[in-house]
Structures are given as structure tokens and as C-alpha cells.
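Everything below concerns the one structure shown next.
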Amino acid sequence: FRGTIQANAKNKIAFTWREQNYCRCPDRVSDTLAPEAAQDRRFPRLQQQHVEWTSPLTNRILVEAVGMHFYERWGNMHPRVSDGNFFFPGGSLTDPAQAEALHNLIPVLEQSTGMLYRGGNADNANVNNNYWRNTSVPNYFYRAAISYVTGTHNMKAGFNRVHGYLQQNFYQFQPYTYRFNNEVPNLVTIWATPYGNRANLDNDLGLFAQDRWTLDRWTVHGGLRFDMFQSSFPEQRIGPGLLVPNRDLVFPAQDNLDWKDLTYRSGAAWDVFGTGKTAVKITLNKYLQGQGLNALAIDPAPGNLLVQNANRSWNDSFYGAGDPRTGNYAPDCVLDARVPGANGECGPLSNTDFGALSSRPAATFSKDLMTGWGHRAYNWEFSTSVQHEIVPRVSVDVGYFRRIFGNFRVIDDLSVSPDDFDTFSITAPTDSRLGENSAQQLTGLYNLKPGAFGRPVRNYNTLSDEYGKMTEHWNGVDVTVAARLENGLTAQGGISTGRRSMNRCDIYSKLPEMLLGVTDSGTNLGNDNNNVWLPAQWCEQAEPFLTSVRFLGSYIVPRVDVLVSATYQNSPGPLVAANFVATNAYLAANSTLGRALAGAQPNMTINMVEPGSLFVERLSQLDFRVGKVIRYGRTRSTINLDIFNALNTDAIRAINNAYASWIGPGYRPSGVLLPRFFKISATFDY
């Protein structure tokens, strides 16, 4: 419901009330996620109330104020249908026995292909975050500003503030995940669910003032903004779980983030000849990383600081000597913390703090990372451009952009040091699809020494400056030509190209454990649990320039009033990674490690391709529209026919980066461009 009240000539009030709920059920089913392993991404409550007041006090002063309450409850929850029973492929949706069967399914990750099947949930498409979640996020938002506007001078000042909380609850039906490699069991991951976290957003406050002046041929603008972000945790209790039946912990209330920052906006535009046809523009701005009740606002929550999962290697040979395929596909051992060492078919716990009944944290956070002035992640952006009218109604704009990122978060596992790792190299497989990496020796791989395996993890989160140099830059150029001709033809086209460069060599040399969990793009959020190692030889990366080309045009055919328009784009394909499962046998024959992996681990996954060096073929896409304009009196209607992907290309938009899944000369797609389709629509303006 939406309404507006014009109380009097100078006071207007607008208000909105919105109620929604929706469900993507099931969600994330793909070539690597089976339906029974999917999730229901449910939003049972989306509620918003909004009130806004505006008042032009004079013909130069405008005052505005806004208040809003937004309550969102959502979750990546277990699959079910509308009658409350669980989705189970191939069976009755209302059969209680099949609903119970879904409860009993233990998720299995096939390591060679990345396929997750037999139940469970890959939260946010990460098969290692194998739990469901139920989340509530109510918050309150306020904003007010006053503007002073003249012909040559515009000034504005105001504030905004948000407060609320986030409640997360994590749960599973089975606290296990199995991992197979080519159908052979090799690892069990155990979980200490259920547990929950609550974080309070105490204050997300911004105060700003900005000004713009036009003086002769110059327009200059500047702004200053103060930001304060504060969060905390209330008292919380974490009770027992299936594998931690005696857990009952109470954590007192505590403060968390307390950041204060000043950011700047500055820029100028110069009419070079005073004709309005050539302008030079320059800006220098500082931006803060967006922050809500995520990342550092929730990572230090008590539930996240406990060791909630651990691994055990698994040799499923109980019922057969030699070929593990003759096993019973069930780990015959004590999985939880009662027997932390190797027993039965299982190796030792990867972290002996799993199931600990104390509140001893597995992670700590430095004061510099969490509090103070200027410690929030940021980026500086510098840009300059020239815009020129080539001929009447045709202009060209050339711009250069540079971004510099800072205040990186790193994670140091204090339980180990670089001396606790053995460094080795490995020879990549001979495969032309690996490009220049085929059969090459990759250096800078690490494996814990056997004596260091299984120590309780003690992750120390801090700023990268504490360990050395860490940089990330981006440089790009845009060229755009735009034409609005008198005959009704509108056209625009351009080229955008840019490259990212990164250097993390200082960090990786001191924190080799951060090489585990580097994403396909080369970034690292600190042990993000994707279990892929990056060779340290790629600690410094410079992507090639990635170029995109785009054109659009529209034309109304005179007399018949037919609108014809089209857009075309050509852009780089997705990055390629080659996540190769190196078994102990492969390492023995093709590496310098000289021993089996620590902790009886059966293998390690290594990215054999330098991030940013290999891409899938480019995407080319043409979209087309034809519309008939119908005019009657003061009304105007258009009946349109849209053709999406008119060339019907099947460009790859995502691939399965598991090396074993590659097929033939190319890669196994996990997503392609939608095929050609048509849409008919109509608009009516009056």
C-alpha cells in the first residue's frame, strides 16, 4: 500500500506498507548439486514500513526526512513442499517414509567432479558449508537532509543511521558429510550443529556535507563524510548437538566492531573552450567497503569461534582387503572427540578442539582490525576523462580509472609457523588444455609436517600491515561514442578494458596456511574452506587486460512509426581454474614432498592454472526489438516484440573447475547463455 498526503503547500508526507514472501524451492540445483542435496531459499517474511516528509521552506531550501522499518526473515532451509513434507525425487511428496528417508540421507561430495548428492545443503554454493540456516534481520533506518540550491551553487548536508540485529540458526539432519574420489571414500567431515549466533547493529551512522560551485568555465564539487559503525553480541547460549551431547555454554555480552572513518569526495569539470563542446573532468574519491551484519560483524560471534567442524581421513576397507570399493560405505570408527586419534577406518581429528566443552575461542581478532580510526577496508578511486562533441549531436568520451584497495584482513593460525610446513613442488599433468602450465613444475606448495597435524586451530585475524606488503590495484580505460541524430536515430557504443594486479608474497611467506582457500580469481578471504591450494609462485599476479565491447541503437521509422532497436555485447568468458586432486601416489611420483600427506590425508587439491591467465571463449550476444507505435489523441501505445539472444549462441557462463570433469578439448559447462526466446509486451502512456 502506498499513499501521499499534501498537508499544505509546503509539506508533503508519503508512506508505504509492503508485505511479501517468496520461495525458490528447490534452489541451486545444477550439474554439480543433485535435487535431494538442494535447499529451499525461503523468505517467509519480508515486511517494510516507510514514511517520508519533504518541505521546500523557500525556493532555495529543501528539507527532507525518512524513517523506515524493514523486517526480513529468510533462510537456506531444508527442501519441502507446501504441505510441509520433504521433496524426495522419484517418490511421493506426501509419503512420511520418504520424508524420513530424506532425514537419513548423509551428503556425499564426489571430489573428482565436485558433485554433491544424497542430501545435505551446499550453503551459498559452497559444499564445505554443509548446513541449513534460518535467519531473521529486523532493522530501522533514518535519514534527513537539508539542501540549498541556487543557479551556481548547490549545498547539501545531512545524516543517515541504521540499527537492528541479525539472528542466525544453523542446523542439519545428519552431522556428517562423506567425501569420495572416483567413488572411493577418503574423508569424513563432522559437524557440531545445531548452533546459533546473534549480532546487534548498534550504530551505522553517517554525517555528510557536500558543496558544488559553478564559476565561469569551472564546476567544482567536494564533500566530507564521517562514518561510524558499531556492533556487539548479547549474552548467548549454545546447547548440545548430536555429536556434542554434553555441550552447554553461556557467553556473556560483548562489544565487537567500533570503526570511525572520514572519507572524501572531490572533483572538477572544465569547459576548455567555453563553447560547451569540450570538457575535461577529474575526480578523487575514497569509498568504504560496504558493511552490514556480515563478515567481521558476525565472524567473532561465540558460535563461530567454536570449532564447529573437523575432518577425519577414511579408508573404507572394513569388509574387503585391497579394493576399498568392497567396503560398506560407512565409516567404522568413533568419529567425534571421544577418540581424537586414529581408530578403526578413520585417521586422527584434523582439529582436536572439536567438541570442546569450554568457551576457549578458535579465533581472536586484533584491536586494529576491529576498532579505531581509518581501519575499515576501503578503496581510493582516481578518474579523469575528456568529453568532446565531434559534430553536432555526436560526442566521444574517453576516461581513465584507477582504484587502490587497502586495509586487508589476514588470518594467522598461531598454532603453526612456516617452520611447521614442508615446502615442495609438483609437476602438472601433461595436457594442452592447461596452456603453458602443461607438464610444468609448480613451486611453493605446503603440507603440514606430521608432528604439527591436528593441533587446535588458533586463528588470529588482523590487518595485513602487521605482516608485510599486500596490494591490489585496478586500472581501466573506457571509450564511448554517443549519437542522438535529428532523424530519430540514437546510437551508442564503446570499449571498456581493464586489468587487476595483486601482490601477496610477503603474506604467503609468513602465513603459508592462507594459500589454502584461495578463490579462482586469486583472492583469499582467509581459509574460506574451499580446500584448494594455490602454489605460492603465483603470489604476485597481473591479469591481462580484459576488454568488453558494447553497442546499442534505436530508430523510429518515419511515417509508419515502427521502433527498431538492438544491443550487442562481446565480453570475456569466465576464469578457468584446474582443481587437480593429487593423491599420495601421484605426489610420490611427481613431487618433491618425499612422504605421504600428514594426518593420513589421502590427497590434496591444487589449482594447476595461474589465476587470471586462462579464460573460456568470449561471449557474443545480440538482442533485438521491433515495436509499433500507436498514437491516439494525447495517448501513445507501443506493442513490442523482443528477441533475446537472437543469434542463439550457447556461450559458456560458468564451468566446473574440477580438473577431472573436463571433457574433450574443452571444459564442462555449469551454466550457458539462455537460448533464443521471444517476448511480446505492450505499453500505454497517457
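The values are calculated or read from the model by the stated rules, or taken from the named source; none is laboratory data. In this text, all values refer to a predicted model and were calculated from it rather than measured experimentally. Counting neighbours? That spans all protein chains shown, and the Cβs are built from the backbone with ideal geometry, glycine included. Calculation scope for accessible area: heavy atoms of the full protein, side chains included, ligands and nucleic acids excluded. Shrake-Rupley method; radii C 1.70, N 1.55, O 1.52, S 1.80 Å.
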Original post:
In region 237-253, is there at least one residue being at pLDDT 95 or above and of a type in the set (D, E)?
Top reply: no
Original post:
Can you name every residue in region 422-434 that is part of a strand (DSSP E or B) and either charged (D, E, K, R) or open to solvent by 20 Å² or more (accessible area, probe 1.4 Å) (or both)?
Top reply: D422, T423, T427
Original post:
If you scan region 435-479, which residues turn out to be among the small types (G, A, S), surrounded by fewer than 17 Cβ atoms within 10 Å (Cβ to Cβ) and free of Cβ contacts under 8 Å to residues at least 60 places away in the same chain?
Top reply: S438, A439, G451, G468
Original post:
Does A600 meet the test of being open to solvent by 50 Å² or more (accessible area, probe 1.4 Å), touching a Gly at 6+ places or on another chain (Cβ under 8 Å), over 30 Å from L641 (Cβ atoms) and aliphatic (A, V, I, L, M)?
Top reply: yes
**OP:** Quick one: count up the residues across region 269-297 that are touching an Asp or Glu at 6+ places or on another chain (Cβ under 8 Å), open to solvent by less than 30 Å² (accessible area, probe 1.4 Å), among the hydrophobic types (A, V, I, L, M, F, W, C) and within 30 Å of F365 (Cα to Cα).
**Re:** 0
Original post:
Of all the residues that make up region 567-601, how many are modelled with pLDDT of 95 or more and touching a Ser or Thr at 6+ places or on another chain (Cβ under 6 Å)?
Top reply: 4
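How do the strands (runs of 3 or more DSSP E) wholly within region 195-268 filter down when requiring 1 or more residues that are surrounded by 15 or more Cβ atoms within 10 Å (Cβ to Cβ) and among the hydroxyl-bearing types (S, T, Y): which remain?
Working: elements: 195-215, 218-233, 236-238, 249-251.
In region 195-268, 195-215, 218-233 are the strands (runs of 3 or more DSSP E) which contain 1 or more residues that are surrounded by 15 or more Cβ atoms within 10 Å (Cβ to Cβ) and among the hydroxyl-bearing types (S, T, Y).
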Original post:
How many residues are charged (D, E, K, R) and closer than 27 Å to Y195 by Cβ if we restrict to region 151-180?
Top reply: 1
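Which residue is nearest to V391 (Cα to Cα), if the candidates are limited to region 270-319 and must be among the hydrophobic types (A, V, I, L, M, F, W, C) and in a strand (DSSP E or B)? So that I can check it myself, show each step before the final result.
Start the filter on region 270-319 by keeping residues that are among the hydrophobic types (A, V, I, L, M, F, W, C), which leaves 270, 272-273, 279-280, 282, 284, 288, 293, 295-298, 301, 305-307, 310, 314, 318.
Now drop any that are not in a strand (DSSP E or B), which leaves 270, 279-280, 282, 284, 288, 310, 314.
Values: W270: 20, A279: 15, V280: 18, I282: 24, L284: 30, L288: 40, A310: 67, W314: 73 Å.
This residue is A279.
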**OP:** Residue by residue through region 369-420, note down the ones that are hydroxyl-bearing (S, T, Y), touching a Ser or Thr at 6+ places or on another chain (Cβ under 7 Å) and open to solvent by less than 30 Å² (accessible area, probe 1.4 Å).
**Re:** S383
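Mind checking which strands (runs of 3 or more DSSP E) fall wholly inside region 607-673 and carry at least 1 residues that are open to solvent by less than 40 Å² (accessible area, probe 1.4 Å) and at pLDDT 95 or above?
Values: elements: 619-632, 635-644, 652-655, 669-672.
By residue number, 619-632, 635-644.
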Subject >> Checklist (1) under 30 Å from T583 (Cα atoms); (2) open to solvent by 30 Å² or more (accessible area, probe 1.4 Å); (3) over 24 Å from the mean Cα position of the chain (by Cα) applied to A356, failing item >> reply: (1)
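Looking at V457, V481, can you tell me which residue is under 30 Å from V339 (Cβ atoms), of a type in the set (A, V, I, L, M) and out of contact with any helix residue (DSSP H, G or I) (no Cβ under 6 Å at 6 or more places or on another chain)?
Values: V481 fails: under 30 Å from V339 (Cβ atoms).
The unique qualifying residue is V457.
Go over the candidates T364, T384 one by one and state the one that is under 26 Å from the mean Cα position of the chain (by Cα), of a type in the set (S, T, Y) and assigned to a strand (DSSP E or B). Full working, then the answer.
Numbers: T384 fails: under 26 Å from the mean Cα position of the chain (by Cα).
Residue meeting the stated conditions: T364.
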Original post:
Considering only strands (runs of 3 or more DSSP E) fully contained in region 98-181, which possess at least 2 residues that are at pLDDT 85 or above and open to solvent by less than 30 Å² (accessible area, probe 1.4 Å)?
Top reply: 108-110, 132-149, 153-171, 176-181
Original post:
Of all residues in region 15-60, how many are within 21 Å of the chain's Cα centre (by Cα) and within 12 Å of Y71 (Cβ to Cβ)?
Top reply: 1
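Quick check: anything in region 615-623 within 34 Å of the chain's Cα centre (by Cα) and within 30 Å of R559 (Cβ to Cβ)? Before you say what the answer is, go through the steps one by one.
Taking region 615-623 as the starting set, the residues that turn out to be within 34 Å of the chain's Cα centre (by Cα) are 615-623.
Applying the additional criterion that residues be within 30 Å of R559 (Cβ to Cβ) yields 622-623.
There is at least one residue in region 615-623 that is within 34 Å of the chain's Cα centre (by Cα) and within 30 Å of R559 (Cβ to Cβ).
Any idea which residue in region 12-40 is nearest to F173 (Cα to Cα), counting only those that are in a strand (DSSP E or B) and open to solvent by less than 40 Å² (accessible area, probe 1.4 Å)? Can you show your working first?
The initial filter retains those residues of region 12-40 that are in a strand (DSSP E or B), namely 12-27, 30, 33, 39-40.
Those left that are additionally open to solvent by less than 40 Å² (accessible area, probe 1.4 Å): 14, 16, 27, 33, 39-40.
Values: A14: 47, T16: 40, D27: 18, L33: 18, Q39: 13, D40: 15 Å.
Here the answer is Q39.
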Original post:
Would you call V63 surrounded by 15 or more Cβ atoms within 10 Å (Cβ to Cβ) and modelled with pLDDT of 95 or more?
Top reply: yes
Original post:
With respect to V396, is the statement that it is more than 30 Å from G468 (Cβ to Cβ) and out of contact with any Gly (no Cβ under 6 Å at 6 or more places or on another chain) true?
Top reply: yes
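For region 237-250, give me each residue that is of a type outside the set (D, E, K, R) and over 30 Å from the mean Cα position of the chain (by Cα). Give the steps one after another, and end with the answer.
Going through region 237-250, the residues of a type outside the set (D, E, K, R) turn out to be 238-246, 249-250.
G239, P240, L242, L243, V244, P245, N246, L249, V250 - these are the residues of region 237-250 that are of a type outside the set (D, E, K, R) and over 30 Å from the mean Cα position of the chain (by Cα).
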